[in-house]
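One structure is given here, and the rest of the page talks about it.
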Amino acid sequence: MKEHIQAVVTILALVNPVMCAEIFSDCVGNIPRKGKVKEAIKAVTSIGIILLIAAIAGISILNVFGVSLDAFSCAGGGILVWIGANMLRSAQHKPKTESTEATVSSISLTPLILFAASPGTITGVITVAASHGKRLLPITAIVGVIATLVVLALVLSISIGFFKGQREPTMTKKMITSYMGVIVIAMGVQFSLSGIKAFMF
C-alpha cells in the first residue's frame, strides 16, 4: 500500500494536473463546452496510453534503441523548455478573433500531451516501474498512472466550468500563464541538468 501511495504522489507531481489545466484552457480557447469535454477526454486518453506503455514496456523500448534513462530525461528537459517558452509567448500576444468552427478545427492538444506525458514524466514512470519489483506487470506503476489520470480528468472537468473562454484574457490569467511558463522552463532546465549530471558522472 505504501509503495502504491508513493507511486501515485510521484507520478502526480510529474504530470502536474493544475499546470495541465492551464495549458488545456489555452489549447481549447473559445470552443463550446461540449467540444471542451470531448477534447479533455481525448487528451486524458492519449496521455494515459503513453504513460501505461511507459510503465509496462518503457525499459524494453529504451533498451531496443540503446537510449539511457539519463539521456531520455535530458531530451525531455529540452521539450519542457520549449513548452514553457510557448506559454510565455502566448501570454504576451492577443488571441486571434476567429469563428467557433475555425477555432475547433485548429485545436492542437500537442503542448498539453507533451507536458503531461513528457520524457521527464515517462522517465519517472519507468523508474517507478523498475524500482518496485520484477513482476510480469509493474502493478505499482500502473496503479500510479491510473490514479493520476483520474485526478487529471477531474481537474480538467473543473477547469472547463471555471474558464469561460473569454475573448480577451484578463491580466490575472496572463500573469498566471507567464508564471506557469517560467516554472515549466525551470522544470525543463532541471530535468536536463539532472540528466547531464547523471550521464556524465
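Values computed for the structure shown
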read-out: From phi via Karplus (6.51, -1.76, 1.60), per-residue ³J(HN,Hα) for the range 116-130 in Hz, x at Gly/Pro; value: 5, 10, 5, x, x, 5, 4, 4, x, 5, 5, 4, 4, 5, 7
read-out: Difference of contour (0.36 nm per residue) and Cα-Cα distance, THR172 to GLN6; value: 56.4 nm
read-out: Neighbour-count ranking [beta-carbon atoms within 10 angstrom, fewest first] of MET180, MET1; value: MET1, MET180
read-out: Listed pairs LYS2/LYS34; LYS36/LYS174; LYS38/LYS174 exceeding 29 Å between Cα atoms; value: LYS2/LYS34
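Laboratory data are not the source of any read-out in this text; all were calculated from the coordinates shown. All values derive from a computational prediction rather than experimental measurement. Quick reminder, even Gly has a Cβ in these numbers, built from the backbone with ideal geometry, and neighbours come from all protein chains shown.
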